[in-house]
Ligand code: ADP
Ligand code: MG
């Protein structure tokens with residue numbers, strides 16, 4: 001057994017399209033420990049969503065391996081993978097598809113029902129999680145009565161309720177104003193740290209990376225660099241400028257992965 005919550009080894013995802021093949025993810029490797037919260041950043045089209053979908057066991061890599069809690073996804077049957085996903089992986093994607101005829105609380109409780117863990121103790125946890133995310137007053141209303149930001153927070157509670165090893169969030173703050181965005185990401189970071197989960201958040205907003213432990217910068221399907229929130233983040237905001245500098249001044253080949 002390994003101590004890493006997540007191990008990603010040389011993962012490739014190739015799409016076939018009319019225009020030919022696209023290497024959406026092109027040889028990505030990294031590890032994540034429990035209690036670590038990481039940001040995945042990079043320009044549109046760099047492969048972030050594809051990477052996250054593979055980590056969520058929703059999409060199979062063309063090559064490479066993904067191991068969560070010591071279990072390799074590629075070695076599982078479809079059925080095993082579905083069960084594993086329900087128990088070990090929590091995710092919120094850009095379109096947070098809440099069930100429209102269930103209340104906020106019922107949407108979170110639904111995940112407990114699906115896992116056969118709908119008991120008094122867990123129902124109390126569902127309520128507490130929503131309160132922690134600032135939804136105390138909105139527990140019993142339907143999604144359409146919630147703002148986009150509130151819906152996003154219900155989706156985050158839903159992703160955490162089954163106590164997953166791995167928590168994945170694709171742009172969790174896309175529909176939030178900036179004050180709420182800070183609060184939600186700060187809470188998400190606290191929950192990942194306190195509950196000892198491994199968290200990955202895709203974001204465009206570099207102001208939010210201060211709540212993370214590490215930043216993985218993707219470019220054209222590969223890991224361009226890995227930095228800490230305290231490092232100089234200029235290259236994340238303007239990768240092209242940094243490429244020019246290293247080519248001119250250092251004369252080095254581009255695309256090297258800056259692993260820790
Ligand atoms: P990001 O989330 O960083 O914007 P994506 O993972 O969505 O990046 O996309 C990475 C690349 O893969 C892009 O070039 C995109 O056009 C391509 N891509 C994504 N999904 C598909 C698909 N289903 N079929 C073909 N190409 C795709
Ligand atoms: Mg995306």
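Where a number appears in this text, it was derived from the coordinates with a stated rule and is not lab data. This is a predicted model, so every value here is computed, not measured. In this analysis, Cβ positions are derived from the backbone assuming ideal geometry, glycine residues included, and neighbour counts consider all displayed protein chains.
Things worth noting here:
- Matching residues, the range 192-202, being in contact with a helix residue (DSSP H, G or I) (Cβ under 7 Å, 6 or more places away or on another chain) and either assigned to a loop (DSSP other than H, G, I, E, B) or more than 14 Å from ligand 2 (Cβ to nearest atom) (or both): 199
- Selection over the range 167-196 of residues that are surrounded by fewer than 23 Cβ atoms within 10 Å (Cβ to Cβ) and more than 22 Å from residue 148 (Cβ to Cβ) gives a count of 5.
- Matching residues, the range 78-99, being touching a strand residue (DSSP E or B) at 6+ places or on another chain (Cβ under 6 Å) and within 16 Å of ligand 1 (Cβ to nearest atom): 91, 92, 93, 94
- Spans of strands (runs of 3 or more DSSP E) in the range 1-69 with at least 3 residues over 14 Å from the mean Cα position of the chain (by Cα) and more than 14 Å from ligand 2 (Cβ to nearest atom): 4-17, 20-33, 63-68
- Long-range neighbours under 7 Å by Cβ, at least six apart or interchain, first residue within 20 Å of residue 228 (Cβ to Cβ) within the range 39-53, second part of a loop (DSSP other than H, G, I, E, B) and near ligand 1 (Cβ under 6 Å from one of its atoms): 48/42
- Look at (1) out of contact with any helix residue (DSSP H, G or I) (no Cβ under 8 Å at 6 or more places or on another chain); (2) surrounded by fewer than 16 Cβ atoms within 10 Å (Cβ to Cβ); (3) closer than 18 Å to residue 211 by Cβ and you find that residue 159 fails only one, number (2).
- Test: residue in the range 70-81 that is in contact (Cβ under 8 Å) with a residue 24 or more places away in the chain, within 24 Å of residue 201 (Cβ to Cβ) and under 16 Å from the mean Cα position of the chain (by Cα): no
- Test: residue in the range 100-113 that is assigned to a helix (DSSP H, G or I), more than 16 Å from ligand 1 (Cβ to nearest atom), surrounded by fewer than 12 Cβ atoms within 10 Å (Cβ to Cβ) and without any contact (Cβ under 8 Å) to a residue 12 or more places away in the chain: yes
- In the set (1) surrounded by fewer than 20 Cβ atoms within 10 Å (Cβ to Cβ); (2) in a helix (DSSP H, G or I), residue 118 fails one condition alone, (2).
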